[in-house]
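Comments concern the structure below.
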Amino acid sequence: MNAKTPKKVLILCTGNSARSVIGEYLLRVKGKGRFEVHSAGSKPTGRVNPLALWVLKKHYLIDASNARSKSWDEFRNVKFDVVITVCDNARESCPIWPGQPVIAHWGSPDPAAVEGTEEEKQRSFVEVASQLARRIDLFLALPEEKLTALQLQQIGQQYKLAGEGQMAR
C-alpha cells in the first residue's frame, strides 16, 4: 500500500485567535490525516480566543487546548499546497508563498469582534464555526485533481451568514 504524503494547508487571518484556529482544527480532524494543517496571522494577538476553544470542544468535541496564536513569518519558507484566507485583511496583505500554492479566500465575519452578552458572543462563534465546517466538508469532498483555485474560491462563496455584510470583518 502506497501512503500518500499529506497536502500542506495554511489557514490565515489577521490575529490568528479565532477563525483561522477554528479552521485549522476542523480541517485537521475532519481531514483524517489527508492534510498537514497550520494556521497563522499577519498580526497575531498572541493568544487564542477562549470562545474559539469553547466552540471546538462543545460543538465538535475537539480539544484545541494546545493551539497557539502565531505569525505567518514562522511559515515563510514552507511550501504549502493550499493557502486559505478567512478574513479580508489577511487576503489583502497575503505574502507570496514559495511553491505556487492554490490560494483561496473564504471570508468569514470576525466572531471575536462581536460585542454583547456572553450568549451573543457564543452564538457568533457557533455561526462562524458552522460556516467553516460546511466549507471544509465541501473541500474534503473534492477529489485531489479538483483542488484548484477556482473550485476552492467557489467554496468560499457558499454558506454566507445572514447579515454577513454588516458584521465586523
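The values are calculated or read from the model by the stated rules, or taken from the named source; none is laboratory data. Because the structure is a prediction, the values reported are computed rather than measured. Cβ atoms come from the backbone with ideal geometry, glycine included; neighbour counts cover every protein chain shown. Quick note on the areas: whole protein, heavy atoms, side chains included, nothing else; ligands and nucleic acids left out. Shrake-Rupley method; radii C 1.70, N 1.55, O 1.52, S 1.80 Å.
Let's see how each residue does on (1) open to solvent by 70 Å² or more (accessible area, probe 1.4 Å); (2) at pLDDT 90 or above:
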residue: Arg91; (1), (2): yes, no
residue: Gln100; (1), (2): yes, no
residue: Ala112; (1), (2): no, yes
residue: Gly116; (1), (2): no, yes
residue: Gln122; (1), (2): no, yes
residue: Leu138; (1), (2): no, yes
residue: Glu145; (1), (2): yes, no
residue: Leu161; (1), (2): no, no
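All conditions but one from (1) buried (at least 22 other Cβ atoms within 10 Å of the Cβ); (2) touching a Leu at 6+ places or on another chain (Cβ under 6 Å); (3) without any contact (Cβ under 8 Å) to a residue 60 or more places away in the chain apply to Thr85; the one that does not is (3).
Entry remark, the range 1-45: residues being under 14 Å from Pro109 (Cα atoms) and either assigned to a loop (DSSP other than H, G, I, E, B) or open to solvent by 20 Å² or more (accessible area, probe 1.4 Å) (or both) number 5 in total.
Apart from one condition, Trp54 fits all of (1) closer than 18 Å to Leu10 by Cα; (2) in contact (Cβ under 8 Å) with a residue 12 or more places away in the chain; the exception is (1).
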